[in-house]
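Here's the structure we're looking at; comments come further down.
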Amino acid sequence: MTEIVSVALGSRSYDIHIGPGLLGRAGALIRALDGRTIPKRLPVIVDEAIVPLHAPAVRASLADAGFEPVVIQVPSGEGSKSFTQLQRVLDALLDAGIERSTMLVALGGGVVGDLAGFAAAIGLRGIDFVQIPTTLLSQVDSSVGGKTGINSRHGKNLIGAFHQPRLVLADLDTLTTLPQRERLAGYAEIVKYGAIDRPDFFTWLEANGQKALTGDAQALTYAIKESCTAKAETVAADELEAGRRSLLNLGHTFGHALEAELAYSGRLLHGEAVAVGMVMAFDLSVRLGLCPPADADRLRSHLSAVGLPVALPDHPEGGWQVERLLTHMAKDKKVKDGRLTLVLVRGIGQAFLTRDVAVSDLSAQLDRAIAA
Ligand code: GLY
């Protein structure tokens, strides 16, 4: 059964379809998008690692719907969110003769979605695109909401555009080939929605999260649907991140600092860094007397129970340093007038934004996390 969640953005509204068998229906669903004629030639930007797994089904389904797919492969990994790959993709799109009414498909995880979405945002000053996310993390987060972009030597996601997709197809079948570590990393973002403002969902995850992770299709569909609903509501309320959308960064300022310190080496996947980062945000909230310790314990217990990290991993060069982490945090996009905006909590499901945390409190928290 397919579930549909809508992102309400006026004339730019779109649906997220969640369910099995969607790759095989991609062509028909794209064809049904609206009355206008989408040019036959349809570029598909795809992560080269998943070409053998998923490209044949998408290609066949597009061909059945009368399209001529042009597959453009990009290397796997964060390194592809670069000017070099962006230029390659844009040149390939122009070589393929794209028009303003061309529909582009992004097939893969967050890297491909962000890169292809940005190419769609700027190619011919903007063409439509469809997200077909094939990882749990991209299905519950990055494919929804229109954040697209690449990295710079100054940091992650610093160059990009808000460009909403016309359709998102989250095919559950693609998750069966996903390594367990990556599935768990995606699950951290699911827990995040509960921790931000859905306490009932968090309680549901405590009881059913493990089932969702180990192949119970009904539980997994529910978890993805709730996550996409949470994200859709947030994006509809604050598309350009003037306020509420920033809550989605719970755990991210800490998490990004850990990832940056580890040079994005894969020692800590993004979702794993978010799990540790959420624990740090809860612990800091407890330290500041804002959050009951029992709520931080609940978060830590649930993340550990499913197998996610809740503490800093060993540092490859032998030492985490508070100063270095603070420097990474200061480079975060969430710095405004030199002050760091943090997402803290008053409990499970009660996240809020603050710019009032003293550096001494932050340092003490980092010190404790390093010592733990
Ligand atoms: N991943 C956070 C956001 O889309 O705002």
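The values are calculated or read from the model by the stated rules, or taken from the named source; none is laboratory data. Remember, predicted model here, so these are calculated numbers, not experimental data. Glycine gets a Cβ as well: all are built from the backbone with ideal geometry, and neighbour counts include every protein chain shown. What goes into the accessible areas is simple: the full protein's heavy atoms, side chains included, and nothing from ligands, DNA or RNA. Shrake-Rupley method; radii C 1.70, N 1.55, O 1.52, S 1.80 Å.
Name the one entry in Ala119, Ala106, Ala60 that is aliphatic (A, V, I, L, M) and outside any helix (DSSP H, G or I). Step through it out loud before you land on a result.
Numbers: Ala119 fails: outside any helix (DSSP H, G or I); Ala60 fails: outside any helix (DSSP H, G or I).
Step by step, each of Ala119, Ala106, Ala60 is checked, and only Ala106 is aliphatic (A, V, I, L, M) and outside any helix (DSSP H, G or I).
Trp204 fails exactly one of the following numbered conditions: (1) farther than 18 Å from Gly307 by Cβ; (2) away from the ligand (no atom under 16 Å from the Cβ); (3) open to solvent by less than 10 Å² (accessible area, probe 1.4 Å). What is the number of that condition?
(3)
Would you check which residues across the stretch 1-40 are over 27 Å from Leu220 (Cβ atoms) and part of a loop (DSSP other than H, G, I, E, B) and list them? Write out each step before concluding.
To start, the set of residues in the stretch 1-40 that are over 27 Å from Leu220 (Cβ atoms) comprises 10-12, 31, 34-40.
Those that are over 27 Å from Leu220 (Cβ atoms) and part of a loop (DSSP other than H, G, I, E, B): Asp34, Gly35, Arg36, Thr37, Ile38, Pro39, Lys40.
Inspect all residues belonging to the stretch 268-282 and state whether any of them is touching a residue at least 60 places away in the same chain (Cβ under 8 Å) and over 25 Å from Asn208 (Cβ atoms).
Within the stretch 268-282, one or more residues are touching a residue at least 60 places away in the same chain (Cβ under 8 Å) and over 25 Å from Asn208 (Cβ atoms).
How do the helices (runs of 4 or more DSSP H) wholly within the stretch 173-260 filter down when requiring 3 or more residues that are touching a residue at least 60 places away in the same chain (Cβ under 8 Å) and in contact with a Pro (Cβ under 9 Å, 6 or more places away or on another chain): which remain?
Here the list is empty.
Just give me the residues in the stretch 155-195 being farther than 26 Å from Leu86 by Cα, of a type in the set (A, V, I, L, M) and either open to solvent by 10 Å² or more (accessible area, probe 1.4 Å) or away from the ligand (no atom under 16 Å from the Cβ) (or both), in sequence order.
Hits for the stretch 155-195 are Leu172, Leu175, Leu184.
Kindly establish whether Leu42 is within 20 Å of Leu169 (Cβ to Cβ) and touching a Phe, Trp or Tyr at 6+ places or on another chain (Cβ under 6 Å).
Values: within 20 Å of Leu169 (Cβ to Cβ): yes; touching a Phe, Trp or Tyr at 6+ places or on another chain (Cβ under 6 Å): yes.
Answer is yes for this residue.
For the stretch 141-153, what are the residues that are within 10 Å of the ligand (Cβ to nearest atom) and either in a helix (DSSP H, G or I) or farther than 17 Å from Ile16 by Cα (or both)?
Result: Asp141, Ser142.
Mind checking which pairs have a first residue in the stretch 11-34 that is without any contact (Cβ under 8 Å) to a residue 60 or more places away in the chain and a second that is part of a strand (DSSP E or B) and polar (S, T, N, Q), Cβ under 8 Å, 6 or more apart or different chains?
Ser13/Ser6
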